[in-house]
Amino acid sequence: MENRIVVGGVLIHHGRVLAARRSAPAAVAGRWEFPGGKAEPGETQQQALERELHEELGVRTRTRQRLPGQWPVRAGLVLQIWTAELLAGDPRPLQDHSELRWLGPDELSSVDWLEHDREVLPEVARLLAAAARPTTPA
Ligand SMILES: Nc1nc2c([nH]c(=O)n2[C@H]2C[C@H](O)[C@@H](COP(=O)(O)OP(=O)(O)OP(=O)(O)O)O2)c(=O)[nH]1
């Protein structure tokens, strides 16, 4: 059976990343994740993430780069994580989440992340640091 992909979105805005607290199912409720969901047949991962972030948070985004790694969630389901840019809207927990928080570089460990998501935090910290660095004039 071909693996189905779950896409998680590292949404970075003004030097902070969005963390979302899941409201269901029971096994993962209360844990924090990068919002997203399963790609539908025929959809690219980029399209899937943009659709899921619109459904779940009410925002328009653009998917940017895939982060290294992939993680088996359960049989037939693999998590991949992409960064995304916020184009329009203010994220609200419309679906699947009970709370949202923007986390700065010093706050990344302040929430109880799902195990797989925790593994990409060093990369997320690097991205936040790079976003904060002033660009040097040529
Ligand atoms: N969305 C998301 N899911 C994650 C992450 N990390 C992680 O282990 N998961 C797990 C939790 C879920 O078992 C599964 C994703 O399912 P989901 O419920 O988000 O997918 P979906 O929105 O398409 O759900 P549905 O329409 O099938 O109900 O992957 C993550 O960062 N983001």
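Values in this text are rule-based calculations from the coordinates and carry no lab data. What you see is a predicted model; the values in this text were computed from it and never measured. As a convention, Cβ positions derive from the backbone with ideal geometry for all residues, glycine included, and neighbour counts pool all protein chains shown.
Figures for the structure shown
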{"read-out": "Prolate/oblate/rounded call for region 1-59, Cα gyration tensor, a/c under 1.5 rounded", "value": "oblate"}
{"read-out": "Helical contribution to [θ] at 222 nm, DSSP H n ≥ 4, -39,500 (n - 2.57), averaged over the chain, rounded to 500", "value": "-6500 deg cm²/dmol"}
{"read-out": "Whole-number D in µm² s⁻¹ for the chain, Kirkwood Cα-pair radius fed into Stokes-Einstein, 10 °C, 1.306 mPa s", "value": "105 µm²/s"}
{"read-out": "Virtual spin-label span in nm between Q70 and A88, 7 Å along Cα→Cβ", "value": "3.3 nm"}
{"read-out": "Spin-label proximity, R31 to region 106-138 - amide N less than 12 Å from point 7 Å beyond Cα toward beta carbon", "value": "112-119"}
{"read-out": "Ranked V120, V10, V78, criterion: other C-beta atoms within 10 Å, fewest first", "value": "V78, V120, V10"}
{"read-out": "For the chain, built as a Gaussian network whose Cα springs stay under 10 Å, the top-fluctuating residue of S23, S109, S98", "value": "S109"}
{"read-out": "17 Å reach of a label modelled at N3, 7 Å along Cα-to-Cβ, counting backbone N of region 19-39", "value": "37-39"}
